[in-house]
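Engineer: Quick one: structure below, then a few questions.
The values are calculated or read from the model by the stated rules, or taken from the named source; none is laboratory data. All values derive from a computational prediction rather than experimental measurement. Because the Cβ atoms are built from the backbone with ideal geometry, glycine has one as well, and the counts that use them run over all protein chains shown.
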Amino acid sequence: MAELNASTLLLSAIAGGLVGVLSGLFGVGGGFLLVPLLNTILGIPLPVAVGSTTCYAIGPATTALLTRRPTLGFTELPLILAGGLFAGVFAGTAVLTNLEAIQDVKLFGRGIPAVDLVVLSCYSLLMTGIAFLSLRSTTHIPRASHRFLSGVATTWYTRPIAKIPDLTPSQYSIPLLVMLGFGVGCFSGFLGMSGGLILIPATVYLLGLKVRDATTVTVVIVWIASCQACVLHALDNRVNLWLTIALLFTGPVGARLGAEFGMRLQGRQLRLGFGIMVLCASAIVWVRLWNLAFFSKELQTAEQLSFGEETVHLITLPKPVSF
């Protein structure tokens, strides 16, 4: 387990508070922001950042959940997803464990840790795509075809069907919800994110929920996924207790402030702010990937190792032959 100094823990606490505000504001766990920040700016090893951030996400998610106080209808849908969430979290953590066992990958003649390359690449592609969709939805006037695509998954009546009167639309395919939960769980276990990054677009565009209702449902799902992933990462020794405490010291306070402010904003304002936030986070990840590809340590060849300036050559003399 990596040892962290006091200055790193202090900066981590500040980052936790800022991300907590964004977590409560947009109904996301904040892991997709914290993992790149902790790894890129503070230099915390990626597996430790993923595991500790997963535990941290429980704090802001709990605070946002208590602030919004969802009714029974807003908890029924997340509970249907719970089975798929657990299976996905287990699969995601297993993939991360296998990547940790792989040696450095050679890219442009430089050695890059396999776990860093794969995880950060997934972050960069995912966040760039979601930022583009979120910002595009705020600058384009909805057409008839766009309105048709909103809630397209509710037309898939694969039985059994769940009826939730408190939500609009009120009927959902249970197998579809389980598959959605599995996908969110994979992201939570593998990337250390609680799933809010993909849940808000999924619940709005696939399930047809209003942005405000989608945010409340997402908070509940984020809380469930974070609890499951935290247990599995702790069992794999990826959680730094002091780092988690530093993040939780300021995170819930920021989440409370963000949740109260977010309930006053309109749907278009939430989508715009969400898109800008994700775009900034993706830029940080792209910079980190650039540094890994072009400024990481070079792999030394056998000749370089043998004839380097600081290499000490040992000559073994033959033993004297006795007659």
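Engineer: Being crowded, with 24+ Cβ neighbours inside 10 Å and part of a helix (DSSP H, G or I) is the filter here, so list the residues in the range 192-215 that pass it.
Structural biologist: Result: GLY196, LEU197, LEU199, ILE200, THR203, THR215.
Engineer: Counting only residues that are among the aliphatic types (A, V, I, L, M) and closer than 30 Å to ALA162 by Cβ, which one in the range 42-76 is surrounded by the fewest Cβ atoms within 10 Å (Cβ to Cβ)?
Structural biologist: Start the filter on the range 42-76 by keeping residues that are among the aliphatic types (A, V, I, L, M), which leaves 42, 44, 46, 48-50, 57-58, 61, 64-66, 72.
Pick out the ones that are also closer than 30 Å to ALA162 by Cβ and you get 57-58, 61, 64-66, 72.
Working: ALA57: 35, ILE58: 22, ALA61: 31, ALA64: 32, LEU65: 21, LEU66: 14, LEU72: 9.
The extreme case among them is LEU72.
Engineer: Can you confirm whether VAL231 is more than 13 Å from SER23 (Cα to Cα), in contact with a Ser or Thr (Cβ under 6 Å, 6 or more places away or on another chain), at pLDDT 85 or above and among the hydrophobic types (A, V, I, L, M, F, W, C)? Outline the logic, then answer.
Structural biologist: Values: more than 13 Å from SER23 (Cα to Cα): yes; in contact with a Ser or Thr (Cβ under 6 Å, 6 or more places away or on another chain): no; at pLDDT 85 or above: yes; among the hydrophobic types (A, V, I, L, M, F, W, C): yes.
When the stated conditions are applied, VAL231 does not pass them.
Engineer: Given the conditions (1) in a helix (DSSP H, G or I); (2) within 18 Å of PHE32 (Cβ to Cβ), and given that ALA234 satisfies all but one, which numbered condition is not satisfied?
Structural biologist: Single failed check for ALA234: (2).
Engineer: Go through (1) in contact (Cβ under 8 Å) with a residue 40 or more places away in the chain; (2) farther than 21 Å from SER188 by Cα; (3) among the charged types (D, E, K, R) one by one and return the number of the condition ASP116 breaks.
Structural biologist: Failed condition: (2).
Engineer: In a strand (DSSP E or B), surrounded by 15 or more Cβ atoms within 10 Å (Cβ to Cβ) and either polar (S, T, N, Q) or over 18 Å from the mean Cα position of the chain (by Cα) (or both), is that true of GLY111? So that I can check it myself, show each step before the final result.
Structural biologist: On the way: in a strand (DSSP E or B): yes; surrounded by 15 or more Cβ atoms within 10 Å (Cβ to Cβ): yes; either polar (S, T, N, Q) or over 18 Å from the mean Cα position of the chain (by Cα) (or both): yes.
Spelling it out, GLY111 is indeed in a strand (DSSP E or B), surrounded by 15 or more Cβ atoms within 10 Å (Cβ to Cβ) and either polar (S, T, N, Q) or over 18 Å from the mean Cα position of the chain (by Cα) (or both).
Engineer: If a residue has to be of a type in the set (A, V, I, L, M) and more than 19 Å from the chain's Cα centre (by Cα) to count, how many in the range 257-294 make the cut? Show your work before the answer.
Structural biologist: Pass one, the range 257-294, residues of a type in the set (A, V, I, L, M): 257, 259, 263, 265, 270, 272, 276-279, 281, 283-285, 287, 289, 292-293.
Those left that are additionally more than 19 Å from the chain's Cα centre (by Cα): 257, 259, 263, 265, 270, 272, 292-293.
So the answer is 8.
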